[in-house]
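Encoded as structure tokens, here's the structure I'll be asking about.
The values are calculated or read from the model by the stated rules, or taken from the named source; none is laboratory data. All figures in this text were calculated on a predicted structure; none of them were measured in a lab. Using ideal geometry, Cβ is built from the backbone for each residue, glycine included, and neighbour counts are taken over all protein chains shown.
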Amino acid sequence: MRDSPWIGGDGRLESTRAARRVFLVLAVCAGASLVLARTDRASRAATTGACSQTSEYAQQACQSGTQGDDSVALGKCANFTAPGPRKKCQQDAALERRDALALCDAQDDAREAVCSRLGQSPYDPRIEPSNFVSTVNNPLFPLRPGTTYVYEGQTSHGFEQSEFAVTRNTRVILGVRCVEVRDRVWTDGELTEDTLDWFAQDRDGNVWYFGENTHEFEDGLITTIDGTFRAGVDRDKPGIVMKARPAVGDFYRQEFSLANAEDLAEVAALDESVTVPAGSYAGCLRTRETSPLEPDLLEDKFYARGVGNILTVDVNTGDRVGLVRIVVE
């Protein structure tokens, strides 16, 4: 049969009408199944705690987004005239959909694992501006304006260089005046990320992360702003990036922008010895960072008193990016 949209002959026309009826029935059934699945998830979410409810709704959003992406991809495939490229496009779309749904399930499992550790209570930190101070001087995460931390290391993506520059700029978020840090990353000499981060310290000494404005680049062009969030906007919430008195086993959210920014950290050790190009340090804190959005991600970060972060290690690949020098204006 020719791939023309025009059908010739009464028999062929009737066959086409029958095919359309079958397609319509299948589409209605698929839609009904999706509605039932959503209803079932909503029903289950209503009978569980806040943390698991959050997981259920996030998975629903992920699966719905995948369905939408798949429909868009198939719509693009329909515009290939030749059967071969069109079929290849459809096959690629099917594989992408399969992988995306698998990621949705993996993210859901990771979120449920978080719930098993943090409990079912809502994540709703109380932010009182009067409970925050004007400087960030936690000895494990000091942010002195005019200080730039320079890091380097060979990674699986290339040679990475980054600058974590504590600016003299501030931004008020949820009534709290936050220190602004500019964090830039170069890979093989090419700028690949440029981010503004906002931190503030409470009176107990905990350092909070209030958001970021991030841009990733390829060939000089912005490819994504995923991960950008600001506490208080779109129901997003701040998290703790460094505790005042960390203890082994502490497990906490560093940020909370559902399906966008969900980093967590666990205190793994308090007395590590670390050597990086900038020097050797004893008594270092080691945290292990994860994210439900990237279930395979596993990073160890090391912090030295009076300095801050000195080394980041990708646990899966062994990639190390360490402190090279500190520049003070």
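For the structure I just gave you, tell me whether residue 110 is over 30 Å from residue 254 (Cα atoms), in a helix (DSSP H, G or I) and hydrophobic (A, V, I, L, M, F, W, C). Quick ask: steps written out before the conclusion?
Working: over 30 Å from residue 254 (Cα atoms): no; in a helix (DSSP H, G or I): yes; hydrophobic (A, V, I, L, M, F, W, C): yes.
In short, no.
One line per residue, one yes/no per condition, for (1) surrounded by 12 or more Cβ atoms within 10 Å (Cβ to Cβ); (2) over 25 Å from residue 258 (Cα atoms):
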site	(1), (2)
80	yes, yes
83	no, yes
109	yes, no
135	yes, yes
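Across the stretch 200-218, what is the total count of residues that are at positive phi and touching a strand residue (DSSP E or B) at 6+ places or on another chain (Cβ under 8 Å)?
Matching residues across the stretch 200-218 total 1.
For residues that are assigned to a strand (DSSP E or B) and acidic (Asp, Glu), scanning just the stretch 299-326, find the one that is surrounded by the most Cβ atoms within 10 Å (Cβ to Cβ).
By that ranking, first place goes to 299.
What pairs can you find where one residue is in the stretch 269-297 and among the aromatic types (Phe, Trp, Tyr), the other is loosely packed, with under 13 Cβ neighbours inside 10 Å and assigned to a strand (DSSP E or B), and their Cβ atoms are less than 9 Å apart, with a gap of 6+ or different chains?
281/273; 281/275
Scan the strands (runs of 3 or more DSSP E) fully inside the stretch 157-232 and keep the ones with 1 or more residues being more than 22 Å from residue 243 (Cβ to Cβ) and in contact (Cβ under 8 Å) with a residue 40 or more places away in the chain.
158-173
Are any residues in the stretch 113-131 surrounded by fewer than 16 Cβ atoms within 10 Å (Cβ to Cβ) and in a helix (DSSP H, G or I), and if so, which ones?
113, 116, 117, 118, 129, 130, 131
Residues checked against (1) closer than 28 Å to residue 285 by Cα; (2) assigned by TED's automatic domain parsing to the domain that holds residue 271; (3) touching a Pro at 6+ places or on another chain (Cβ under 6 Å):
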{"position": "194", "(1), (2), (3)": "yes, yes, no"}
{"position": "210", "(1), (2), (3)": "yes, yes, yes"}
{"position": "215", "(1), (2), (3)": "no, yes, no"}
{"position": "222", "(1), (2), (3)": "no, yes, no"}
{"position": "231", "(1), (2), (3)": "yes, yes, yes"}
{"position": "247", "(1), (2), (3)": "yes, yes, no"}
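Going through the stretch 47-100 one residue at a time, which ones are in contact with a Cys (Cβ under 8 Å, 6 or more places away or on another chain), more than 26 Å from residue 111 (Cβ to Cβ) and outside any helix (DSSP H, G or I)?
80, the sole residue that qualifies.
Tell me whether the stretch 242-261 contains one or more residues that are within 24 Å of residue 168 (Cα to Cα), part of a strand (DSSP E or B) and of a type in the set (S, T, N, Q).
No - not one qualifying residue is present in the stretch 242-261.
With β-branched (Val, Ile, Thr) and buried (at least 17 other Cβ atoms within 10 Å of the Cβ) as the only criterion, which of 241, 233, 248 stands out?
On the way: 233 fails: buried (at least 17 other Cβ atoms within 10 Å of the Cβ); 248 fails: buried (at least 17 other Cβ atoms within 10 Å of the Cβ).
On inspection, the qualifying residue turns out to be 241.
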